[in-house]
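Each remark here refers to the structure printed beneath this line.
The values are calculated or read from the model by the stated rules, or taken from the named source; none is laboratory data. Owing to the predicted nature of the structure, the values given are computational and were not obtained by experimental measurement. Backbone-built Cβ (ideal geometry, glycine too); neighbour counts: all protein chains shown. Areas reflect the complete protein model, heavy atoms only, side chains present, ligands, DNA and RNA absent. Shrake-Rupley method; radii C 1.70, N 1.55, O 1.52, S 1.80 Å.
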Amino acid sequence: MKIFFLFLTMFFFFNCSEKTPHEIASSDQLEYSFEHILSYNNEDTIFIKSQFPDCGEWGGHEELIKIYRFEKKINLDYEKFKVDCGVRDSSGSIVQTKKISDKIVLSNVQQSALMKYINNLIKFKFLNSAISNSGNFFILNNTKEDLMISHYGNQPMLVSNYNDLMTALKLPKVDTER
């Protein structure tokens, strides 16, 4: 019995030693990943929706990015639509027709670029909102409806942030010069 208590005491003595700050930093390093935000059972999807004012105050083409988990990998589906400003549906909305569709298995670099884009969207919420009849829409949400960020306006940094993401994903950038 004395040997057991001696062993137990030695065990606690060696395992309860304080870690140096360097050991703490290396062992408890934060890991940011879409693995932590997307559920394993494929029930959650993150959507990035954008609309650009090709037709002025009537709106313009839309782009949709879907980020989801499939077969233990983080995937992205991208759709870009085109518009003819003179063609409307029965409700008067501009008709969107699919122009580009692409599927990507995201690399770690591309996942980091997506996280940077999302972080910037959150930071931009602290800026003054623009008041305009014509502008860009940027919306981020998910299927669980516990994540929602939206922007509307003509701030160049919003389009620049989006184009930086498109470059990292190797997708076409948005041309806002009309």
Fully extended contour minus Cα-Cα distance, from residue 91 to residue 126, at 0.36 nm per residue: 9.1 nm
Taking loop as defined by DSSP and a crowding limit of 16 other beta carbons within 10 Å, which trypsin sites (Lys or Arg not before Pro) in the range 56-88 fit? 72
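In the structure displayed, which of 73/123; 49/72; 73/125; 98/170 lie more than 26 Å apart, Cα to Cα? If you can, show how the numbers build up before the last one.
Values: 73/123 28 Å; 49/72 24 Å; 73/125 30 Å; 98/170 19 Å.
Beyond 26 Å: 73/123; 73/125.
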Separation between Cα centres of the range 53-71 and the range 74-94, rounded to whole Å: 8
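Can you give the charge dipole size of the range 110-171 about its Cα centre, rounded to the nearest 20 debye, using +1 on the beta carbon of Lys and Arg and -1 on the beta carbon of Asp and Glu?
Values: 5 positive and 3 negative charges, 25 e Å.
I would put it at about 120 debye.
Mind listing which GluC sites (Glu not before Pro) in the range 45-148 are in a DSSP loop and have 14 or fewer other Cβ atoms within 10 Å? Before the final figure, lay out each step's value.
Working: sites: 57, 62, 63, 71, 79, 145; in loops: 71, 145.
Those that pass, being in a loop and sparsely packed, are 71, 145.
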Would you work out what percent of the accessible area of the range 42-158, with all protein chains in place, is carbon or sulfur (probe 1.4 Å)? 52
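Which whole-number percentage describes the relative contact order of the range 31-111, with Cα contacts under 8 Å and a sequence gap of 6 or more? Write down the numbers at each step before the final one.
Numbers: 143 pairs, mean separation 19.4, N = 81.
Reported relative contact order: 24 percent.
List the chymotrypsin sites (Phe, Trp or Tyr not before Pro) in the range 64-155 that DSSP assigns to loop (not H, G, I, E or B) and whose Cβ has at most 14 other Cβ atoms within 10 Å. Which are they?
Details: sites: 68, 70, 78, 81, 117, 124, 126, 137, 138, 152; in loops: 126.
Here the chymotrypsin sites (Phe, Trp or Tyr not before Pro) that fit, given the DSSP loop and packing criteria, are 126.
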